[in-house]
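Data block below; observations after.
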Amino acid sequence: MMQDNVHRYFATTVGLITTDGKWGQNVMAAEWTMHVSYEPMLIAISIHDSPTLWNIKDREAFGVNIASDDQAALVNIAGGYSGTEIVKLAIPGTFQTYRGSTGVPMLKGCALACECKLVSVQDMGDHVLVIGEALSAEFDEKKYPLIYTRGNYRRLGAKLPSGRKVVRVTETAYAGLAKMAAGQFVLKCAVAQVKSGRKTLYVRSGRSWALPMVAVKKGADYRKALASHLASLGVHAEVKKIAGMQRVTVKSGKQSLRANFIVFSCTAKAEGDGWLLRSPRGLLLKGLLTP
């Protein structure tokens, strides 16, 4: 059984949806406003059958203005009246507007303002889902979006720590890791902790030593990617279960790189070079070793 008021426990931004058409200029508050595609940039709003929806169908364009945290009063006005009751944008001392390229009124002072052309309209439960493609977008880096949750407006709090341990490496080691990242926002690697009795396999990484590791492409199977990498090194080993994970920020001077390492325990079928009883001096990313 669904608990009462469960919807109040979502946290959302608030879109001030602006339109113009046969039913005149209008603004409404839409809690359910979200970005649903990067390319093309698509924005979805979920609204009731209303003058806003009628205008959108008429003009096939609308404005999505994400309210900033100093615009709670404007949100209350936009959400407290219908366009069939009053012309909200005409209330003195409230909304400041400018004309968009499609003729839709856009709002000043918002965290983000996007002018959209209509893509689709679909009935969805007790609301209508409207999707638009952004034709233009403006944002103010100094403003933060208003947050709505549990029936109240709130401001964003302090930035939370990432939970990443900072690891400092040499410039050469950093360059090697950056090359592995190949321009990706986060370097994601599968790491092999290959054991043969009490010995562990290490490989040379420039002047340092490291556990065997390979950057894994998005969507690829980590175990298979690691097994293939070990085979390419001439290492005969079975990749078993995940032994641990390390999320770190690698730094060298002013340079920094986010990296995620999934460490797999592996059992060797034969030994070759690089087998040591203890971790060597100059071991890169010592934290990857698991008990």
Tell me, which residue of the stretch 154-174 that is in contact with a Leu (Cβ under 8 Å, 6 or more places away or on another chain) and in a loop (DSSP other than H, G, I, E, B) is modelled with the lowest pLDDT?
-> V169
Odd one out for K159 among (1) surrounded by 20 or more Cβ atoms within 10 Å (Cβ to Cβ); (2) farther than 19 Å from L284 by Cβ; (3) not β-branched (V, I, T) = (1)
With respect to L129, determine if the residue is out of contact with any Lys or Arg (no Cβ under 7 Å at 6 or more places or on another chain) and either within 24 Å of S279 (Cα to Cα) or in a helix (DSSP H, G or I) (or both).
-> no
Pick from T149, T97, T102: which is more than 30 Å from V248 (Cβ to Cβ), exposed (fewer than 15 other Cβ atoms within 10 Å of the Cβ) and of a type in the set (S, T, N, Q)?
-> T149
Please indicate, with yes or no, whether at least one residue in the stretch 62-78 is aromatic (F, W, Y) and part of a strand (DSSP E or B).
-> yes
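Hey, which of the strands (runs of 3 or more DSSP E) in the stretch 175-291, taking only ones fully inside, have at least 1 residues that are surrounded by fewer than 17 Cβ atoms within 10 Å (Cβ to Cβ) and of a type in the set (S, T, N, Q)? Lay out the reasoning, then the answer.
Working: elements: 186-196, 199-201, 203-205, 208-210, 213-215, 237-252, 255-268.
Of the strands (runs of 3 or more DSSP E) lying wholly inside the stretch 175-291, those with at least 1 residues that are surrounded by fewer than 17 Cβ atoms within 10 Å (Cβ to Cβ) and of a type in the set (S, T, N, Q) span 186-196, 237-252, 255-268.
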For the stretch 1-29, enumerate the residues that are small (G, A, S) and touching a Leu at 6+ places or on another chain (Cβ under 8 Å).
-> A29
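Here is a yes/no grid of residues against (1) surrounded by fewer than 20 Cβ atoms within 10 Å (Cβ to Cβ); (2) within 14 Å of K117 (Cβ to Cβ); (3) hydroxyl-bearing (S, T, Y):
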site: L16; (1), (2), (3): no, no, no
site: T33; (1), (2), (3): no, no, yes
site: V36; (1), (2), (3): yes, no, no
site: I56; (1), (2), (3): no, yes, no
site: R59; (1), (2), (3): yes, yes, no
site: V64; (1), (2), (3): no, yes, no
site: Q71; (1), (2), (3): no, no, no
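Please determine, by comparing only the residues of the stretch 1-52 that are among the hydroxyl-bearing types (S, T, Y) and in a loop (DSSP other than H, G, I, E, B), which one is nearest to Y144 (Cα to Cα).
Looking at residues that are among the hydroxyl-bearing types (S, T, Y) and in a loop (DSSP other than H, G, I, E, B), I get Y38.
Residue-wise test of (1) within 24 Å of the chain's Cα centre (by Cα); (2) at pLDDT below 95; (3) among the hydroxyl-bearing types (S, T, Y).
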| site | (1), (2), (3) |
| --- | --- |
| Y9 | yes, yes, yes |
| I17 | yes, no, no |
| I56 | no, no, no |
| V75 | no, no, no |
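The values are calculated or read from the model by the stated rules, or taken from the named source; none is laboratory data. What you see is a predicted model; the values in this text were computed from it and never measured. When we count neighbours, we look across all protein chains shown, and the Cβ atoms used for this are built from the backbone with ideal geometry, even at glycine.
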